[in-house]
Amino acid sequence: MPGMSRGAVGSRGNPAGGGPLGRVRARPGLAWALACLVSTGCPWWSPPGVTSRSGIAGRVVDVGGAPVAGLLVETVESTVRTDEDGRFGLHYKPPDTHVHFVHEEAWYRRQYLPEDDGTVVEIALPATRSLDVDCGAYTCALQLQWDLGPGYTAKRTGRCEAGKTTTLPGSPPGQPTVSCREKVTEPELEHSARMTGDLLELRPPLRDVTVTLQSDGSPAACQVYVDGDQLASRDDGSFTGSAAGEAVVQAVCDGRAAIPAVLAGDATALELPWTAEGPMLRPPPGMELDRLTLQQSGGWTLVHRAEPSGGFALPPLPAGDYAVLLYTNEPSAAPPGKPSDLKPGVVVGQLLPTGQYAAHLTLERDMGDGVLEATLTGE
């Protein structure tokens with residue numbers, strides 16, 4: 001073109017010149033990076049849009065389904081924080097095809113699954129609670145792990161001291177798998193664990209036990225319990241199950257309880273007496289309380305349920321002092337002190353603010369039958 005030099009043409013369109021295309025050709029690394037923004041060919045420069053074996057596209061939500069923003073999510077390779085919609089994208093390399101993060105002191109891990117391919121994986125945080133761990137006789141480093149679904153787990157660590165209870169806030173629901181080691185580098189201590197509500201108990205290892213009832217009759221139906229867990233009945237009339245350390249054995253036949261017995265810490269068999277005779281305890285009129293805790297002073301504690309009639313069929317009671325608590329769900333704190341003017345053979349108590357009934361009973365002689373009518377103080 002007249003009046004235009006060859007250099008001017010190069011400045012706009014010549015690959016060796018100073019125009020835009022010339023600058024890209026002069027810096028090929030930048031060209032490769034720019035191309036990654038509009039393609040899936042360069043995964044390490046841009047987060048994945050969907051999940052695959054090379055990376056995860058995910059979204060973290062709380063227990064109500066709301067997005068969790070600002071959560072630090074990690075792989076072995078890199079980290080990122082979730083955006084305002086709870087979304088994140090990260091790459092990984094086999095065999096470490098997972099992401100992890102910490103929430104409320106618990107460590108969560110989501111492993112890649114083949115069925116995740118082509119999806120945005122939703123990771124729902126569970127409801128959490130404060131978990132109490134009764135350490136029992138164990139002093140150890142604790143590690144608890146919960147299975148929250150396919151490829152999804154949570155871990156919580158803590159420290160146990162023998163005779164104490166440790167509290168672990170931010171724990172997921174359900175019973176975890178428990179590891180207990182004196183040091184994290186040492187073998188695991190033999191133990192068993194039992195979960196009751198928000199209390200986890202560390203106990204000695206389980207062993208097989210057999211309980212046989214010594215009966216003065218032929219009861220139609222019996223249930224036997226070891227530390228509250230029901231044993232299985234066998235054709236020979238015995239009951240089998242497991243126990244951890246010293247345990248309390250209770251039995252109920254045809255609605256009537258036996259006096260509880262203690263199974264020694266190393267014992268595997270026990271004979272428990274049961275009789276069809278015994279007194280009946282009736283709650284105060286108008287009180288529909290269907291559970292009983294009867295504690296013999298300095299002795300055993302019986303936990304029992306009411307019959308359909310509303311009364312409690314008790315075993316023959318030896319002479320002595322007893323504390324009585326009637327309730328419907330869970331027992332409350334210890335009942336008030338024994339009245340100084342309590343008459344023998346009379347159940348006298350009061351209604352607690354919790355709606356439970358607490359009373360005392362004194363027997364000057366053994367009681368093999370009859371009826372105990374519970375009354376309120378002042379009646």
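The values are calculated or read from the model by the stated rules, or taken from the named source; none is laboratory data. None of these values were measured; they are calculated from a predicted model. So basically every Cβ, Gly included, is an ideal-geometry build from the backbone, and we count neighbours across all protein chains shown. In case anyone asks, the SASA skips ligands and DNA or RNA and just uses the protein heavy atoms, side chains included. Shrake-Rupley method; radii C 1.70, N 1.55, O 1.52, S 1.80 Å.
Listing for the model above:
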read-out: Scope region 38-49; condition loosely packed, with under 15 Cβ neighbours inside 10 Å and either modelled with pLDDT of 60 or more or over 21 Å from L113 (Cα atoms) (or both); matching residues; value: V38, S39, G41, C42, W45, G49
read-out: When residues of region 228-253 are limited to those that are open to solvent by 40 Å² or more (accessible area, probe 1.4 Å) and in contact with a Gly (Cβ under 9 Å, 6 or more places away or on another chain), the one farthest from A193 (Cα to Cα); value: A232
read-out: Of the criteria (1) within 27 Å of V76 (Cβ to Cβ); (2) charged (D, E, K, R); (3) surrounded by fewer than 15 Cβ atoms within 10 Å (Cβ to Cβ), which one R109 fails; value: (3)
read-out: Of all residues in region 79-105 being surrounded by 12 or more Cβ atoms within 10 Å (Cβ to Cβ) and basic (K, R), the one that is nearest to G58 (Cα to Cα); value: R87
read-out: Subset of region 111-165 that is part of a loop (DSSP other than H, G, I, E, B) and of a type in the set (D, E) - its residue that is farthest from P205 (Cα to Cα); value: D117
read-out: Region 180-211 - residue that is touching a residue at least 40 places away in the same chain (Cβ under 8 Å) and surrounded by fewer than 12 Cβ atoms within 10 Å (Cβ to Cβ) and, of those, nearest to A243 (Cα to Cα); value: D208
read-out: Considering residues of region 212-233 that are of a type in the set (A, V, I, L, M) and over 18 Å from V248 (Cα atoms) only, the residue modelled with the highest pLDDT; value: A221
read-out: Residue satisfying all of: in region 358-379; at pLDDT 90 or above and assigned to a loop (DSSP other than H, G, I, E, B); surrounded by the most Cβ atoms within 10 Å (Cβ to Cβ) among these; value: G368
read-out: Search result, residues across region 260-281 that are open to solvent by 90 Å² or more (accessible area, probe 1.4 Å) and either farther than 22 Å from V209 by Cα or at pLDDT below 95 (or both); value: D266, E277
read-out: Tally, over region 50-78, of residues that are over 21 Å from G170 (Cβ atoms) and either open to solvent by 60 Å² or more (accessible area, probe 1.4 Å) or free of Cβ contacts under 8 Å to residues at least 12 places away in the same chain (or both); value: 4
read-out: Test: residue in region 284-305 that is within 23 Å of S215 (Cβ to Cβ), of a type in the set (S, T, N, Q) and open to solvent by less than 50 Å² (accessible area, probe 1.4 Å); value: yes
read-out: Residue match in region 144-151 (condition: open to solvent by less than 20 Å² (accessible area, probe 1.4 Å) and over 12 Å from A106 (Cβ atoms)); value: no
read-out: Condition check for A16: out of contact with any strand residue (DSSP E or B) (no Cβ under 6 Å at 6 or more places or on another chain), surrounded by fewer than 16 Cβ atoms within 10 Å (Cβ to Cβ), modelled with pLDDT of 95 or more and outside any helix (DSSP H, G or I); value: no
read-out: Sole residue being among the acidic types (D, E), touching a Ser or Thr at 6+ places or on another chain (Cβ under 7 Å) and closer than 30 Å to S52 by Cβ, chosen from D147, D132; value: D147
read-out: Tabulated pairs, region 304-332, first over 14 Å from D254 (Cβ atoms), second open to solvent by 10 Å² or more (accessible area, probe 1.4 Å) and β-branched (V, I, T), C-beta under 6 angstrom, 6+ apart or interchain; value: D321/T362; L325/T293; P331/T293; S332/T354
read-out: P315 vs. criteria at pLDDT below 95 and surrounded by 19 or more Cβ atoms within 10 Å (Cβ to Cβ); value: no
